[in-house]
Amino acid sequence: MDKPALTVPREGLKSLTIATFIASLGVGVTTVAYPWLAASITRSPLLLSTVSAASQLPAFLLALPIGVFIDRSNLKRVLYSAHLLRAVLMLSLAGLIEAHYVTIPLICLQAMLLGVITLMSDNAQQTIVPMLVPDAELPRANSRLFAAREVTASFVGPLAGGLLLSAALAIPFISDAIAFVLAGAFVTLIPALPTADKRPSSSPPARAELLAGLHYFWDHKVLRGLGLMLAGLSFTEGLMMSTLVLFAQDILRLNSRTYGLMFLAGAVGGLIGMVIYPMAERRLGERRVLLVALAGFGVSSVVVAVTSSTILAAMAFAASIALIALWNIVTISYRQRVSPRPMLGRLTAIHRLLGMGALPLGTIIGGSLATAAAPLGHALSLRVPFLLTAGTDGLLFIAACCIFTPQRWESAPAPKERASYVIND
């Protein structure tokens, strides 16, 4: 049997949701504070893009080994330790700021370490969810977690980050540390997870487990397609993020406070996406919801690429985050439903590798293109990454229509077939 019976009280999902809510507050503050701190040191688009790339580089280097580690680990302990380690990193960065010893290389190093810990935390969280709720409730549980992340990561956190930055550069990172400590405290309230905590004393070699996960991913046409599509979307996200802070400052004329307020629109969009998902899924089905989201990404990118209006940019940002909510709920729930439970951490890691691993490439290319386009004018050079994003999103939509056919989407392996990929002692 590849899927153990649910034995964990559903109160565990409440504790996980609260922990996610609080930790995402810290993530939201960091989303604003990290690039703003870097922009206070340099105005080079290329150097700024390296900071964003550094935070995503661990996904490219360590996602697969971390997936094996997650499948073998006490997931509660991983989550708790990750939150505390992030708190330590934030406090150390605040100390460096107060000592006036912050450089771009140091920020990149901090961002890389934070990326490693966040990678472990996110993987553990997605692996825990199917242990807390039945399959039928996975979309609802994932939408709740997404809402918890969006309220804080896209609204409260960035808004607070912008306000705290106006007081002092170190304050946002101190607040982050407090948030991560509180999140760790709520993780301890999750009931014991028998399938996560009681591992066999001896396990197959890590290489064999990793290969089993890779084989399952590649053999499953939909999971493979979703992973490759995620890589393309993450590449375009990296393109946009490479010059986003300069775009906001120099094109939209935002200051630190209004930059934080800009994320309000994204939070509203994310909540709208979460709220409308059940209705959209009933009327369109999972596959069509996915295709609608992909089509919308390209449209919102075009709007941002051609506008200088803060209102239009905010509306496009809100639409994009709403579509991301739909995409995440569909894809994460699908992966949790069709994956063998003992290798969910590895399959999640493969998607993280393809997704987050493509972000550094996008940010570096975006920063490089903006720098190369400088002779065309500063304003136009900052729009180049957004224009390329719109074109790439259009190609991804066409590819998705060909890959995710109705028959292929519904042909998930039976439990017995899924179990054949799991290595037993």
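The values are calculated or read from the model by the stated rules, or taken from the named source; none is laboratory data. What you are looking at is a predicted structure, and each value in this text was computed from that prediction instead of being measured. Reconstructed Cβ throughout: ideal geometry from the backbone, glycine too, with neighbour counts over all protein chains shown.
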Under 6 Å between Cβ atoms, at least 6 apart or on separate chains: pull out the pairs that start in the range 265-294 with a residue that is under 20 Å from Phe397 (Cα atoms) and end on any residue that is of a type in the set (Val, Ile, Thr). Tyr277/Ile329; Ala280/Val289; Glu281/Val289; Glu286/Val330; Val289/Val330; Leu290/Val330
Out of Ala349, Ala399, Ala370, which single residue is buried (at least 21 other Cβ atoms within 10 Å of the Cβ), small (Gly, Ala, Ser) and under 20 Å from Trp327 (Cα atoms)? Ala349
Subset of the range 369-401 (residues that are part of a helix (DSSP H, G or I) and either small (Gly, Ala, Ser) or touching a His at 6+ places or on another chain (Cβ under 9 Å) (or both)): Ala370, Ala372, Ala374, Ala379, Ser381, Ala390, Gly391, Gly394, Ala399, Ala400
Restrict the check to the range 338-361 and report whether at least one residue is among the basic types (Lys, Arg), within 15 Å of the chain's Cα centre (by Cα) and under 30 Å from Ser411 (Cβ atoms). yes
What helices (runs of 4 or more DSSP H) completely inside the range 169-272 contain at least 3 residues that are at pLDDT below 85 and over 18 Å from the mean Cα position of the chain (by Cα)? 194-197, 206-219
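Matching residues to (1) surrounded by fewer than 20 Cβ atoms within 10 Å (Cβ to Cβ); (2) within 22 Å of Val51 (Cβ to Cβ); (3) among the basic types (Lys, Arg):
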position	(1), (2), (3)
Leu106	yes, yes, no
Leu114	no, yes, no
Thr118	no, yes, no
Ala136	yes, no, no
Arg140	yes, no, yes
Leu145	no, no, no
Ala153	no, yes, no
The range 402-425: number of residues that are outside any helix (DSSP H, G or I), at pLDDT 80 or above and surrounded by fewer than 20 Cβ atoms within 10 Å (Cβ to Cβ): 1
Candidates Ile311, Ile324 - the one that is buried (at least 18 other Cβ atoms within 10 Å of the Cβ) and at pLDDT below 90: Ile324
